[in-house]
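The values are calculated or read from the model by the stated rules, or taken from the named source; none is laboratory data. Quick caveat, the model's predicted, so the values are computed rather than measured. Cβ atoms come from the backbone with ideal geometry, glycine included; neighbour counts cover every protein chain shown.
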Ligand SMILES: [Zn+2]
């Protein structure tokens with residue numbers, strides 16, 4: 001049975017140790033570790049890594065994933081100098097993901113337009129397509145050696161960039177071994193740019209190896225990261241689609257904001273209750 005997991009993103013008001021404690025206390029069997037401040041800004045190595053993993057296990061977690069730093073740290077950086085800058089950091093997180101026994105490293109394929117100096121340049125889509133492949137060509141051997149998998153996530157950006165949906169990402173990941181490159185569906189990102197989460201889950205199919213379950217408004221979705229069932233997504237249909245494709249990896253909740261002003265502690269507990277009503 002899939003582990004029920006919670007992203008530390010929802011507890012960005014505290015340090016990583018306190019966030020992990022709150023997630024374990026709420027009864028989650030899995031966790032996603034956010035690879036940026038205030039959580040894992042620098043992956044531990046050597047003895048610190050061994051202790052880090054031991055503490056995850058001592059909290060009772062059965063499995064974990066790692067979210068690579070987002071912002072400018074994307075394999076599809078459209079300029080070669082930018083891409084060269086971020087590859088060493090992504091390599092470091094790939095190695096960490098493997099060393100800590102994570103089920104996958106979540107990576108945003110292309111940048112948010114706010115980080116692109118000429119965000120509407122017509123050559124950007126082609127440059128991003130090429131950059132993502134160049135980066136994966138470099139990172140996949142590293143992932144193979146580390147024994148981990150890169151999970152590419154669909155994104156909520158309102159622009160003409162490529163690789164924002166499962167539909168577009170699926171042919172890309174087919175160019176690489178399934179053990180090293182797969183997909184993670186973010187339900188709220190999907191609907192924010194008008195893609196039905198159910199269609200996206202089906203498009204990802206057997207390459208889907210991760211989830212970011214979060215709710216948004218039906219009418220004016222805006223990547224809200226509400227507790228699933230607090231917004232307008234059809235959760236019965238989403239759960240059914242995940243079962244239909246034979247999905248067995250973590251059901252990771254990426255709740256980060258309260259629709260009704262809930263505190264981070266209330267969010268983690270109420271999210272766990274939703275999973276319980278789903279029979280998980
Ligand atoms: Zn996400």
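The table for this structure:
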read-out: Matching entry among 211, 255, 248 (being in a loop (DSSP other than H, G, I, E, B), touching a residue at least 40 places away in the same chain (Cβ under 8 Å) and in contact with a strand residue (DSSP E or B) (Cβ under 8 Å, 6 or more places away or on another chain)); value: 255
read-out: Options 60, 76: the member that is out of contact with any strand residue (DSSP E or B) (no Cβ under 7 Å at 6 or more places or on another chain) and closer than 28 Å to residue 248 by Cα; value: 60
read-out: Residue match in segment 111-122 (condition: in contact with a strand residue (DSSP E or B) (Cβ under 7 Å, 6 or more places away or on another chain) and within 16 Å of the ligand (Cβ to nearest atom)); value: no
read-out: Residue within segment 126-135 that is surrounded by fewer than 19 Cβ atoms within 10 Å (Cβ to Cβ) and either touching a strand residue (DSSP E or B) at 6+ places or on another chain (Cβ under 9 Å) or more than 26 Å from residue 203 (Cβ to Cβ) (or both) present; value: no
read-out: Residues being in contact (Cβ under 8 Å) with a residue 40 or more places away in the chain and either under 20 Å from the mean Cα position of the chain (by Cα) or within 13 Å of the ligand (Cβ to nearest atom) (or both) - total across segment 236-245; value: 4
read-out: Condition met for residue 206 (touching a residue at least 40 places away in the same chain (Cβ under 8 Å), within 20 Å of residue 106 (Cβ to Cβ) and surrounded by fewer than 16 Cβ atoms within 10 Å (Cβ to Cβ)); value: yes
read-out: Candidate set: segment 123-158, residues that are in contact (Cβ under 8 Å) with a residue 60 or more places away in the chain and in a loop (DSSP other than H, G, I, E, B); chosen: the one nearest to the ligand (Cβ to nearest atom); value: 156
read-out: Filter result for residue 265 (more than 19 Å from the chain's Cα centre (by Cα) and without any contact (Cβ under 8 Å) to a residue 12 or more places away in the chain); value: no
read-out: Tally of residues being at pLDDT 95 or above and not in a helix (DSSP H, G or I) across segment 103-120; value: 11
read-out: When residues of segment 159-184 are limited to those that are within 16 Å of the ligand (Cβ to nearest atom) and either part of a helix (DSSP H, G or I) or touching a strand residue (DSSP E or B) at 6+ places or on another chain (Cβ under 6 Å) (or both), the one farthest from residue 6 (Cα to Cα); value: 169
read-out: Within segment 1-102, helices (runs of 4 or more DSSP H) holding 3 or more residues that are within 16 Å of the ligand (Cβ to nearest atom) and closer than 22 Å to residue 181 by Cβ; value: none
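Residues are listed down the side, and each one gets a yes or a no for (1) within 14 Å of the ligand (Cβ to nearest atom); (2) in contact with a helix residue (DSSP H, G or I) (Cβ under 8 Å, 6 or more places away or on another chain); (3) in contact (Cβ under 8 Å) with a residue 12 or more places away in the chain:
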position	(1), (2), (3)
186	yes, no, yes
190	yes, yes, yes
260	no, no, yes
269	no, no, yes
